[in-house]
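Written below as structure tokens is the structure these notes are about.
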Amino acid sequence: MSDIIIRIDNVSKQFAGGAKAVDSVAVDIERGEFFSLLGPSGCGKTTLLRMIAGFEFPTEGEIYIDGQPSSLIPSYKRPTNMVFQSYAIFPHLNVFDNIAFGLRKAGLSSKELSRRVDEALAMIKLSGFGKRRGDQLSGGQRQRVALARALVKRPKVLLLDEPLGALDKKLREEMQIELRQLQKQVGITFVFVTHDQEEALSMSDRIAVMSRGDVLQIAGPKELYEAPNCVEVATFIGSINLINATVKSVSSSEAMLEGPGFGSFTAQTIEGIKAGDKIFAAVRPEKLSLTISKPSSGAYVEGMIKASAYLGDRSHHQVFIKGREEPVAVAAQNEERAMSAGFDASKPVYVTWNPKSLILLKS
Amino acid sequence: MSKPIRQAKRMGDAGAGLTVFAVAYLLFLYVPVLFLPIFSFNDSIFIAFPLRGFTTKWYEQMFADQDMLDALAASLKVGAIVAVISTILGVLGAKAVTRYRMPGQGAVTSLIMLPLFIPEIILGISLLILINGFQISLSLITVGIGHVMLCTPFAMAVLTSRLDGFDRSLEEASMDLGESPWMTFWRVTFPLAAPGIVSSLLLTFIVSFDEFLLSFFLAGLQPTLPVYFWSQLRFPAKLPGVLSLGALILISSCILVFFAEWVRQLGTTGERKVGVA
């Protein structure tokens, strides 16, 4: 067993007169990791984070922070600090006093206090900004101040509630890299709440995907994307084509399937399926290829291009396949420089794939 | 003539009409009040045109009138105490209404605000009956009790909008950074609510200071200033003195109200700039 800093032990949260925001969730977060809670709004991720911070209390279960049961510990006595979605920079204080806010009680000498704050300002690359007021900072700067204010307390766990949501795209991407570097540098466990799956994939060591108060899957970014454990995770992370398939036969490694429009095809089998089962075969758009000449071997299906979108580095195609209602999405890298129109919509194309790219999901 | 120009001209006509209306409205509001300072310098005991000549003797007479000064002191004292008490109640009420969800919240809020809409004469009579029932003798204290009842809704209204206006995660951030709820109030809530608190103090003070009906019912031997003025109207010789004090109060009220509004605006614009875009 590795070193667990936060153990969420079958925690439920029921708000008065409302549905369960969090429903028997069990998650172990390891010391020093960048852990994300990912899900659409209303999935319970923020409620879970607020329970770790001590702003909400579980109606069932217990949260252990560094081995200590936390139910009876109020937020101001927990070894956690939070970066709020709105940043919550105190408007009546300047940057220095904002960062020093949580240190006043520590009984530091004023020299030590300014040293710690200056250190924090340097860490967020805002040295010399101490005298600025909150309203004289840009969104990105406020976000950094909120980060410094929390980290200067040297918490065991830093909680981040969609801290990049209010920033524009470019700044957000910069901050993602910076946050990740900072986390490595300080070595503090980060628990990061986001609804942005790309953000979660690019930053996290591990991600818990949540939906309607439940944790669906906890895994590293690669595993979540390449081996989702259910249809909901598969469709939430990235885009995916789902094929309603029937299992024809199962061998030790392979399953023979049949789906509308796709005919018979094979895929790597999973545990617990047998002939006659209805399941989903899923495949990511970039795992499919298009060709205009009929392949002589391998897995393929014939279709007509319904629409194409050119995105510079890649193109997205919607391909209609006879017998299947929804078009199949194919993402093709534009590897060669070409100004031609691409595929001819009046002629058939062939969608090909490697059978290993198919993900089987029980319905 | 092209259409946009015609339209602009019509708009101009409407604008001129509105200007006339606005000026007439302001004159209607303020000219009667302006008679107070004018007649307070008029060298005649009768309040009538034409003006006779400039004098400051009414001001001298005013400062010599001990009863009037006592009434002024009583009003200032009651006003100050009432302002503090109703603002404290207002802060507590506003904090509860804006920060906690509780059963019957809407009903409780409406009940707190209700005295704003109950005719004062009804409040006055019912309080008088109640106070007599408890055999409490009428005094400035009973006036103060009535005024607190009247002023608390004003304080609530000012402070609720102030507390609603700032991000509640500011208080959470303070607790998260290790401050107890009590210290959070003093380090975050109070300084942020300060403009609202100042404007509530000024507003409730003014409401109490010029309140007549409740004071009239509830005052004992020591009248408040408005009650004293009313009683002096029977003596024409004293009227100019009343005018000069009235003029002084008018000017100081204006300054206070402008100051209160300025402080309130100061608070809200600062807040707006701080909000996340």
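The values are calculated or read from the model by the stated rules, or taken from the named source; none is laboratory data. Note that the structure is predicted; figures quoted are calculated from it, not measured. Quick reminder, even Gly has a Cβ in these numbers, built from the backbone with ideal geometry, and neighbours come from all protein chains shown. These accessible areas exclude ligands, DNA and RNA; they are computed on the full protein's heavy atoms, side chains included. Shrake-Rupley method; radii C 1.70, N 1.55, O 1.52, S 1.80 Å.
In segment A:83-98, which residues give up 10 Å² or more of accessible area once the other protein chains are added, compared with their chain alone (1.4 Å probe)?
When all protein chains are present, A:F84, A:S86, A:A88, A:I89, A:F90, A:P91, A:H92 each give up 10 Å² or more of accessible surface.
Taking the simple approach of a point 7 Å from Cα along Cα-to-Cβ for both A:Q68 and B:R99, what is their distance in nm?
Here the answer is 2.4 nm between the modelled labels.
Note the full-extension length gain between A:E326 and A:F57 as 0.36 nm times their separation in residues minus their Cα-Cα distance, in nm to one decimal.
92.4 nm
Could you report the accessible area of B:C254 in Å², rounded to 10, computed with a 1.4 Å probe on the protein chains as they sit in the structure?
Roll a 1.4 Å probe over it and B:C254 shows about 60 Å².
Using only atoms on other chains, find how many Cβ atoms lie within 10 Å of each Cβ of peptide B:189-198 and report the average.
Mean number of neighbouring Cβ atoms from other chains: 1.
Taking N as the number of residues in segment B:107-175, what value does Rg over Cα atoms divided by 2.2 N^0.38 Å take?
1.54
Obtain the nm distance between the two label points defined at B:F21 and A:D344 by a simple spin-label model: each point lies 7 Å from its Cα along the Cα-to-C-beta direction.
7.2 nm
With chain B treated as a Gaussian network of Cα nodes joined by springs under 10 Å, which of B:F134, B:F41, B:F209 yields the largest mean-square fluctuation?
Checking each option, the largest mean-square fluctuation is seen for B:F134.
For the pair A and B, how large is the buried accessible area, both sides, in square angstrom to the nearest 100, if the probe is 1.4 Å?
The contact between B and A buries close to 2200 Å².
Of the heavy-atom accessible surface of chain A (probe 1.4 angstrom), what whole percent is carbon and sulfur?
The C+S portion of the solvent-accessible surface of chain A is 49 percent.
Which residue fluctuates most in the GNM of chain A (Cα springs below 10 Å): A:G187, A:G67, A:G303?
It is A:G67.
So which residue, out of B:L250, B:L76, B:L111, gets the largest mean-square fluctuation from a GNM of chain B using Cα contacts under 10 Å as springs?
It is B:L111.
Explain nothing, just the number: dipole magnitude of the protein assembly as shown about its Cα centre with +1 on each Lys and Arg Cβ and -1 on each Asp and Glu Cβ, in debye rounded to the nearest 20.
900 debye
If we count trypsin sites (Lys or Arg not before Pro) as exposed when they sit in a DSSP loop and have at most 16 other beta carbons within 10 Å, what is the longest stretch of chain B that avoids them all?
My reading of the result: B:102-167 is the longest stretch.
What net charge is computed for the residues neighbouring A:A329, neighbours being all others with C-beta under 13 Å from the C-beta of A:A329, Lys and Arg scored +1, Asp and Glu -1?
That sum, taken over residues with Cβ under 13 Å, equals +3.
Students often get this wrong: which residues of segment B:62-101 have the backbone nitrogen under 13 Å from the point 7 angstrom along Cα-to-C-beta of B:I136?
The answer is none, because no backbone nitrogen lies closer than 13 Å to the label point.
Rounded to the nearest 0.05, what FRET efficiency is calculated for B:D70 and B:L233 with R0 set to 25 Å and r the Cβ-Cβ distance?
Taking R0 as 25 Å, the efficiency between B:D70 and B:L233 is 0.90.
Per residue of chain A, what 222 nm ellipticity follows from adding -39500 (n - 2.57) for every DSSP H run with n ≥ 4, rounded to the nearest 500?
About -6500 deg cm²/dmol.
Using only Cα atoms, locate the centre of segment B:131-152 and the centre of segment A:213-284, then give the distance between them in Å, rounded to an integer.
A separation of 78 Å, based on Cα centres.
Using Cα centres only, tell me the gap between segment A:52-80 and segment B:21-48 in whole Å.
When both Cα centres are located, 67 Å separates them.
How about segment B:137-177: which of its residues lose at least 40 Å² of accessible area in the presence of all protein chains relative to their chain isolated, using a 1.4 Å probe?
Those are B:L170, B:E172, B:A173, B:M175, B:D176, B:L177, which lose 40 Å² or more relative to the chain on its own.
Which of A:K170/A:K356; B:K57/B:K77; A:K13/A:K153; A:K169/A:K294; A:K170/B:K95; A:K20/A:K77 have a Cα-Cα distance over 30 Å?
Pairs exceeding 30 Å: A:K170/A:K356; A:K169/A:K294; A:K170/B:K95.
Taking only protein heavy atoms into account and a 1.4 Å probe, give the accessible area per residue of the protein assembly as shown in Å².
The answer is 52 Å² per residue.
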